[in-house]
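Colleague: What follows is a structure written as C-alpha cells; I'll ask about it next.
The values are calculated or read from the model by the stated rules, or taken from the named source; none is laboratory data. Treat the numbers as computed from the prediction; the structure is a model and nothing was measured. No Cβ is skipped: glycine too gets one built from the backbone with ideal geometry, and neighbour counts run over all protein chains shown.
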Amino acid sequence: MISETDFEEQEFVGIELDNESGSDCTFTGCTFQKCRFTGCEFRNFRFTDCVFQECVIVSNRFIRCSARGNILDRCSVVGLIFLQIAPDGLGSPIESALNSTLKYCQFEKIEMPKCSFRNSDLIECTFTECDLSGCSFKECRFSGTDMSFCDLRKADFRNARGYYVNLKTCKVAEAEFSFPEAIHLLDAYNIKIE
C-alpha cells in the first residue's frame, strides 16, 4: 500500500486492497469508484471531501486518521468505528451515505448534523451521544440499530422502517415520522395499542 503521499482530485477505479497497511497519506477531493478495502490498517490517513461510489469497506482499522465531508454512494461499509476517523472538532466524517449498506458500524459522540442516509440499510449499527439534528433517514431500512442519547431534532424518518429511537434519552422535537411505523416509538414504554 502507499505511504507518505498526498493526492488531490485524483480518481481511483477498481482498487482492491486486502490486509495491507499504509501511513501518512492525504486524500482531498478524490473519487474512489468500485474499490474494495478489506482488513487493512490505515495510519495517519486524511480523507477530506472525497466521494466513494460502489465501494466495499470491510473491517479496516484506522489509527490517528481523520475524515471530513465525504460522500458514500451505493457503498457497503462493515465494522467501521466512526470515532476512529472523526477526532473532536473536525466536523462530520461523512456528508451523506446514500443508497448504501452500513453494517455493524459504531457512531459514538460524532457530530453529523444534516447528514443524509437516504434510502440506506442500517444493520446492527449503534448511534450513541451523536448530534444527528436535521439528518435524513428518509426511506431507510433499519435492523437491530439503536439510537440512544442522540440529538434527533428535525431529523426526517419518513417512510423509514425498523428504527428504534429511545424517546427517554433522545431529543426528538420537530422530527418527522410516518404512520404506521411511528407507533414503534412507544415500544420503550411497554404500552399496548389495539
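Colleague: Pick from GLY69, GLY39, GLY79: which is modelled with pLDDT of 95 or more, within 12 Å of the chain's Cα centre (by Cα), in the same structural domain as GLY22 (by TED's automatic domain parsing) and not aliphatic (A, V, I, L, M)?
Modeller: Exactly one of GLY69, GLY39, GLY79 is modelled with pLDDT of 95 or more, within 12 Å of the chain's Cα centre (by Cα), in the same structural domain as GLY22 (by TED's automatic domain parsing) and not aliphatic (A, V, I, L, M), namely GLY79.
Colleague: A follow-up question, please. Just for the range 1-21: of the residues that are in a loop (DSSP other than H, G, I, E, B) and of a type outside the set (S, T, N, Q), which one is nearest to THR31 (Cα to Cα)? Break it down stepwise before answering.
Modeller: Step one: list which residues in the range 1-21 are in a loop (DSSP other than H, G, I, E, B), which gives 1-4, 9-10, 14-15, 19-20.
Restricting the remaining residues to those that are of a type outside the set (S, T, N, Q) gives 1-2, 4, 9, 14-15, 20.
Numbers: MET1: 18, ILE2: 16, GLU4: 19, GLU9: 7, GLY14: 11, ILE15: 12, GLU20: 20 Å.
Selected residue: GLU9.
Colleague: Return the pair list, or none, for Cβ contacts closer than 6 Å from residues in the range 9-23 that are assigned by TED's automatic domain parsing to the domain that holds CYS65 and under 16 Å from PHE62 (Cβ atoms) to residues that are basic (Lys, Arg) and surrounded by 11 or more Cβ atoms within 10 Å (Cβ to Cβ), at least 6 apart or on different chains.
Modeller: Once the first residue is assigned by TED's automatic domain parsing to the domain that holds CYS65 and under 16 Å from PHE62 (Cβ atoms) and sits in the range 9-23, its partners that are basic (Lys, Arg) and surrounded by 11 or more Cβ atoms within 10 Å (Cβ to Cβ) give SER23/ARG43.
Colleague: Looking at the range 171-193, can you tell me whether even one residue there is under 18 Å from the mean Cα position of the chain (by Cα), at pLDDT below 95 and either not in a loop (DSSP other than H, G, I, E, B) or not acidic (Asp, Glu) (or both)?
Modeller: no
Colleague: Checking the conditions here, which among ILE63, ILE94 is closer than 21 Å to PHE157 by Cα and not assigned by TED's automatic domain parsing to the domain that holds GLY162? Give the steps one after another, and end with the answer.
Modeller: Working: ILE63 fails: closer than 21 Å to PHE157 by Cα.
The conditions single out ILE94.
Colleague: If CYS25 satisfies every condition in (1) surrounded by 18 or more Cβ atoms within 10 Å (Cβ to Cβ); (2) under 30 Å from CYS150 (Cβ atoms) but one, which is the exception?
Modeller: (2)
Colleague: Exactly one condition in (1) outside the structural domain of ASN44 (by TED's automatic domain parsing); (2) hydroxyl-bearing (Ser, Thr, Tyr); (3) closer than 30 Å to GLY14 by Cβ is false for THR128; which is it?
Modeller: Condition not satisfied by THR128: (3).
Colleague: Suppose we keep only residues that are modelled with pLDDT of 95 or more and surrounded by 19 or more Cβ atoms within 10 Å (Cβ to Cβ) within the range 52-65. Which one would you say is farthest from ILE85 (Cα to Cα)?
Modeller: If we take residues in the range 52-65 being modelled with pLDDT of 95 or more and surrounded by 19 or more Cβ atoms within 10 Å (Cβ to Cβ), then CYS55 is farthest from ILE85 (Cα to Cα).
Colleague: Still on this structure, please answer the following. Condition first: in contact with a strand residue (DSSP E or B) (Cβ under 9 Å, 6 or more places away or on another chain), more than 25 Å from GLY144 (Cβ to Cβ) and touching a residue at least 24 places away in the same chain (Cβ under 8 Å). Can you find one or more residues in the range 84-91 that meet it?
Modeller: Yes: one or more hits.
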